[in-house]
Amino acid sequence: KAGVTQTPRYLIKTRGQQVTLSCSPISGHRSVSWYQQTPGQGLQFLFEYFSETQRNKGNFPGRFSGRQFSNSRSEMNVSTLELGDSALYLCASSSRQGLNTEAFFGQGTRLTVV
Amino acid sequence: DQQVKQNSPSLSVQEGRISILNCDYTNSMFDYFLWYKKYPAEGPTFLISISSIKDKNEDGRFTVFLNKSAKHLSLHIVPSQPGDSAVYFCAGNNAGNMLTFGGGTRLMVKP
């Protein structure tokens, strides 16, 4: 069974630009979550989607958005990039919504904003 | 407000010995806890989990203990191997697949 796939692996963008990251969950998984990892803030939850609906959102500005498609693939978008958005963005998929569910992570997308 | 804390940023252990990684939490709504292992520039790898209704879960060399009254959990690795060297994160989940992570502990297992 293929794991969680994130594309691209690396990305360099300029301040003010926007970026879209993609995540394909494990086959059969319907829940996709996004996390940001930075040296200063650690691993922080961005948002979670289940069956194309955003269920939870972390404490991030509105420049961070996402969506999920009917095949459970998900994208996240960051508009008006700032230097502080440089981070490793991780996607995780889970088999179901709710309690007692392990989340499996992709390799991440390393975003550098210059 | 750090809901999950890993107070030891690093731990060094001799190969073959026990590694004990600790984690404290403040959110009583967490009902599920998970441990992940992470290498630089890669995604976290799931290791082991425990429901809040249990106090111990074992999987091979990995055992997680939960002390709910103390809001404390620990991961025991026995015996430790050099390949276990990585950063370990504990995380709490209070439904909705929204994990709250600790800051991580870097484990170094010396041959």
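Please treat every number below as a calculation from the coordinates, not as lab data. It should be emphasised that the depicted structure is a prediction, and the values quoted were computed from it without experimental measurement. All Cβ positions, even for glycine, are placed from backbone atoms using ideal geometry, and neighbour counts span all protein chains on display.
Please list 3J(HN,Hα) in residue order for region A:72-86, calculated via the Karplus relation 6.51 cos²θ - 1.76 cosθ + 1.60 where θ = phi - 60°; whole Hz, with x for glycine and proline.
So the Karplus estimates, Gly and Pro as x, are 6, 4, 10, 10, 10, 10, 10, 9, 6, 4, 10, 4, x, 7, 4 Hz.
Under a Cβ-Cβ cut-off of 13 Å, what is the net charge of the residues other than A:LEU88 that fall near it, where Lys and Arg count +1 and Asp and Glu count -1? Each step should come with its number before you reach the end.
Values: positive: A:ARG9, A:ARG110, B:LYS38; negative: A:ASP85, B:GLU42.
Net local charge, A:LEU88 excluded: +1.
In this model, which of B:LYS38/B:LYS110; B:LYS5/B:LYS37; A:LYS57/B:LYS54; A:LYS13/B:LYS5; B:LYS71/B:LYS110 are farther than 26 Å apart at the alpha-carbon?
A:LYS57/B:LYS54; A:LYS13/B:LYS5; B:LYS71/B:LYS110
Near the amide H of A:THR5, under 5 Å away, which other amide H atoms are found, from residues 5 or more places off or on another chain, if H is placed in the peptide plane?
A:SER24
When DSSP beta bridges are limited to those with both residues in the protein assembly as shown, what percentage is antiparallel, rounded to the nearest 5?
90
Less than 15 Å Cβ to Cβ from B:PHE65, Lys/Arg counted +1 and Asp/Glu -1: what total charge do the surrounding residues give?
+1
Please give the per residue volume of the convex hull enclosing the alpha carbon atoms of chain A, rounded to a whole number of Å³. Working shown, then result.
Working: hull volume 10.8 nm³, N = 114.
Taking only Cα atoms, chain A has a hull volume of 95 Å³ per residue.
In nanometres, what is the gap between the two model label sites at A:GLN41 and A:ARG15, each 7 Å from Cα along Cα-to-Cβ?
Each label point lies 7 Å from its Cα, and together they span 1.8 nm.
Loop only by DSSP, 10 or fewer other Cβ within 10 Å of the Cβ. Give me the GluC sites (Glu not before Pro) in region A:17-114 that pass, ordered by residue number.
Numbers: sites: A:GLU48, A:GLU52, A:GLU75, A:GLU82, A:GLU102; in loops: A:GLU52, A:GLU82, A:GLU102.
Here no GluC sites (Glu not before Pro) fit, given the DSSP loop and packing criteria.
To make sure I understand, if each residue's beta carbon is the centre and we count other beta carbons within 10 Å, what order do A:TYR35, B:TYR39 fall in, fewest to most?
Least crowded to most crowded, the residues run B:TYR39, A:TYR35.
List the trypsin sites (Lys or Arg not before Pro) in region A:1-57 that DSSP assigns to loop (not H, G, I, E or B) and whose Cβ has at most 13 other Cβ atoms within 10 Å. Which are they?
For trypsin sites (Lys or Arg not before Pro) across region A:1-57 that sit outside H, G, I, E and B with at most 13 neighbouring Cβ atoms in 10 Å, the list reads A:LYS1, A:ARG9, A:ARG15.
Could you go through region A:64-70 in sequence order and give the Karplus-derived ³J(HN,Hα) for each residue, using 6.51 cos²θ - 1.76 cosθ + 1.60 with θ = phi - 60°, rounded to whole Hz, and x for Gly and Pro?
Once rounded to whole Hz, the list reads 9, 9, x, 7, 10, 9, 5.
Each residue of region B:5-18 in turn: what ³J(HN,Hα) in whole Hz from Karplus with 6.51, -1.76, 1.60 and θ = phi - 60°, glycine and Pro shown as x?
10, 10, 6, 9, x, 8, 8, 10, 9, 7, 3, x, 8, 8
Taking the Cα centre of each part, how many Å lie between region A:1-67 and region B:52-88?
28
With charges only on Cβ, +1 for K and R and -1 for D and E, what is the dipole size of region A:1-86 about its Cα centre, in debye, rounded to 20?
140
Restricting to chain B, what percent of DSSP beta bridges are antiparallel, rounded to 5?
Of the beta bridges lying entirely in chain B, close to 90 percent run antiparallel.
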